[in-house]
């Protein structure tokens, strides 16, 4: 029997210091849950000092018995994980703000962005440079809204594809992974 590889889908989004709403947290949670229901792996930026939309996605994935991979900065394994939702933790030994994000994004087959501040912008730019498909959920604010259905530059490598909800985002990202794999 052939072993089918699970895709590693990153969920990027605002950290709690951007004061996101419970509605945005629910959208991120739903993205993680949909990734798990699709039989794939949720990869996220594991924070050490506060919650994030990415962490909400890990909770959603675990609610559907999915596998989660948290990528954190620094050397320690002390992360914001109140409920033990991280199956695999990767400590990059790198700083937050570029180093960790490079490892995080390059561990993904594709990424989904929900809202997002400067860290999410960095992650989307890394994905673009690395030809990693990106889907953004429209109506969530931040960089997801600003970059919906646009290219980052005139090279027009990969479009930041807009989705309207979690289920649509996962469907679109899986389609894009298959296109890039060919």
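Since every read-out is calculated from the coordinates, none of them should be taken as a lab result. Everything quoted here is computed from the prediction, not taken from an experiment. So basically every Cβ, Gly included, is an ideal-geometry build from the backbone, and we count neighbours across all protein chains shown.
Observations
- In the chain, helical runs assigned H by DSSP with n ≥ 4 each contribute -39500 (n - 2.57); averaged across all residues and rounded to the nearest 500, the mean residue ellipticity at 222 nm is -11500 deg cm²/dmol.
- Comparing 85, 160, 131 in a Gaussian network model of the chain (Cα springs below 10 Å), the most mobile by mean-square fluctuation is 131.
- Computed label-point distance, nm, for sites residue 181 and residue 164 using a 7 Å Cα→Cβ extension: 2.8 nm
- If both residues of a DSSP beta bridge must be in the chain, then about 5% of such bridges are antiparallel.
- Extended-chain gain in nm, criterion 0.36 nm per residue less alpha-carbon gap, residue 129 and residue 77: 15.8 nm
- Selected from 167, 22, 62 as most flexible by GNM, with the chain as the system and alpha-carbon contacts under 10 Å: 22
- Between the range 84-156 and the range 50-82, the Cα center-to-center distance that results, in Å: 15 Å
- Once the Cα gyration tensor of the range 23-125 is diagonalised, semi-axes √(5λ) in Å: 19, 15, 13
- Rounded if a/c under 1.5, otherwise prolate or oblate - the range 8-181, Cα gyration tensor axes: rounded
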